1. With the requirement that a residue be farther than 23 Å from GLN132 by Cα and within 13 Å of the chain's Cα centre (by Cα), what does the range 15-54 give you?
2. Kindly check whether there is at least one residue in the range 20-29 that is in contact with a Lys or Arg (Cβ under 8 Å, 6 or more places away or on another chain) and either under 18 Å from VAL106 (Cα atoms) or free of Cβ contacts under 8 Å to residues at least 40 places away in the same chain (or both).
3. What pairs come out if I take residues in the range 172-184 that are among the hydroxyl-bearing types (Ser, Thr, Tyr) and pair them with residues that are part of a strand (DSSP E or B) whose C-beta lies under 6 Å away, six or more apart or interchain?
4. Do any helices (runs of 4 or more DSSP H) lying entirely in the range 74-147 carry at least 3 residues that are under 29 Å from ALA194 (Cα atoms) and either at pLDDT below 90 or of a type outside the set (Gly, Ala, Ser) (or both), and which ones are they?
5. Which one is nearest to VAL61 (Cα to Cα), of the residues in the range 132-151 that are aliphatic (A, V, I, L, M) and touching a strand residue (DSSP E or B) at 6+ places or on another chain (Cβ under 7 Å)?
6. Could you list, in sequence order, all residues of the range 18-61 that are aliphatic (A, V, I, L, M) and buried (at least 21 other Cβ atoms within 10 Å of the Cβ)?
7. Can you give me the number of residues within the range 147-159 that are over 14 Å from HIS119 (Cα atoms) and either surrounded by fewer than 17 Cβ atoms within 10 Å (Cβ to Cβ) or in contact (Cβ under 8 Å) with a residue 40 or more places away in the chain (or both)?
8. Of everything in the range 1-41 that's in a loop (DSSP other than H, G, I, E, B) and among the hydrophobic types (A, V, I, L, M, F, W, C), which residue is modelled with the lowest pLDDT?
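The values are calculated or read from the model by the stated rules, or taken from the named source; none is laboratory data. Keep in mind that this is a model prediction, so the values were computed, not measured. Glycine gets a Cβ as well: all are built from the backbone with ideal geometry, and neighbour counts include every protein chain shown.
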Amino acid sequence: MTPVRAAGLRDRAAVAAMLARAFRDDPAMSFIYPDPRVRAARLPPLFALLFDEDADGMRWVTAGGEAATLWQAPGASHRPGIGRMLMKAWPMWRALGTAAPRALAVAEAIASHMPAGDHWYLHVAGCDPAAQGHGHGGRAIRAGLAATSGSPVYLETATEANLGLYRALGFAVASEWDVPGGGPHFWSMVRAAA
């Protein structure tokens, strides 16, 4: 069984590259970047930014880099302030380019469905497609769940095939919704406080 450890800055590039592979066919990422070549080029810098964004929460990676999770802590703002947005304008442009309006539509829809109250937010969970089916993703998620000390946890997914794994980990579907403008369908899931 592959152990799971906290991911640090030295893991940033490898985790971003692995998450880019994990999300290459994700409905939300396919909506943001319809061209597969653009998606392949833009996802690694996007996931590197998300890795940085979750530095105040938790970041877990399996020892072999097969799977990783990025978490935001309770009380974290899921809407970045204007100062943070301006500081990240150039890196965000590099990651999004002309896909920025679609990415903002997805981000706004996600933020509008975020539950009230303090909770951990499982922001990103991904497993390298070459390593799927061996429990790596579940182990990376369970490491984060263990560190939440029984607090409530929220996530959303645009991939229906993920629902079974999340249900097995104690999550329940709280709502379903679509991103306006022809965007993907999402499931919001909650794991109640222990």
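1. Listed by number, the residues that qualify are LEU49, ASP52, GLU53, ASP54.
2. Checking the range 20-29: at least one residue is in contact with a Lys or Arg (Cβ under 8 Å, 6 or more places away or on another chain) and either under 18 Å from VAL106 (Cα atoms) or free of Cβ contacts under 8 Å to residues at least 40 places away in the same chain (or both).
3. Qualifying pairs under 6 Å: SER175/SER188.
4. The helices (runs of 4 or more DSSP H) meeting that bar are 136-147.
5. Filtering the range 132-151 for residues that are aliphatic (A, V, I, L, M) and touching a strand residue (DSSP E or B) at 6+ places or on another chain (Cβ under 7 Å), the one nearest to VAL61 (Cα to Cα) comes out as ALA140.
6. MET18, LEU19, ALA20, ALA22, ALA28, MET29, ILE32, LEU43, LEU46, VAL61
7. 2
8. Of everything passing the filter in the range 1-41, MET1 is modelled with the lowest pLDDT.
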